[in-house]
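The structure appears below as structure tokens.
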């Protein structure tokens, strides 16, 4: 997520994530390829360069990132009516450290859920989004 003076920008930086599992050899190998490696407290450990390569030459403010992936988003801050922090852990996150969720509500009633990975404060992020 990028936060500018006028926009909240979301860019997909990883695909499906899994914890490394046991079971049969196929399941074990598949889950290993989807597991995040590195310092799991560092939010940058969750970023895969192949996703950044897709958008690195795009103007993130003109909407062209929206065509790159359906998960990307661009929200005008003026359209945000509320942002709030939910400290409850996201079900299914396994051993990945996270600080709950932040929900963004826009004036058209849409709600965007952000899972706060690594050593970050969901409370601070929600407050930053609301500060205009």
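Worth a mention:
- Using C-alpha pairs under 8 Å with a sequence gap of at least 6, the mean separation divided by the residue count of the range 42-132 gives a relative contact order of 25 percent.
- Mean projected area (nm²) of the alpha-carbon convex hull when the range 1-63 is viewed from all directions: 5.6 nm²
- Comparing Cα centroids, the range 75-117 and the range 47-74 end up 20 angstrom apart.
- Over 13 Å [Cα-Cα, the range 70-132], rounded percent: 62 percent
- The calculated 222 nm mean residue ellipticity attributable to helices in the chain amounts to -6000 deg cm²/dmol, summing -39500 (n - 2.57) over DSSP H runs of n ≥ 4 and dividing by all residues.
- Approximating the spin labels as points 7 Å out from Cα along Cα→Cβ, the residue 9-to-residue 58 distance works out to 1.0 nm.
- Global geometry of the range 8-101, whether rounded, prolate or oblate, following the gyration tensor of its Cα atoms and the 1.5 cut on a/c: oblate
- Principal-axis tilt of helix 25-34 within the chain, Cα atoms, nearest 10 degrees: 30 degrees
Any read-out appearing in this document is the output of simple, stated calculations on the displayed coordinates, not a laboratory observation. Keep in mind that what you see is a predicted model, and the values were worked out from it rather than measured. Note that we place each Cβ from the backbone using ideal geometry, even for glycine, and neighbour counts take in every protein chain shown.
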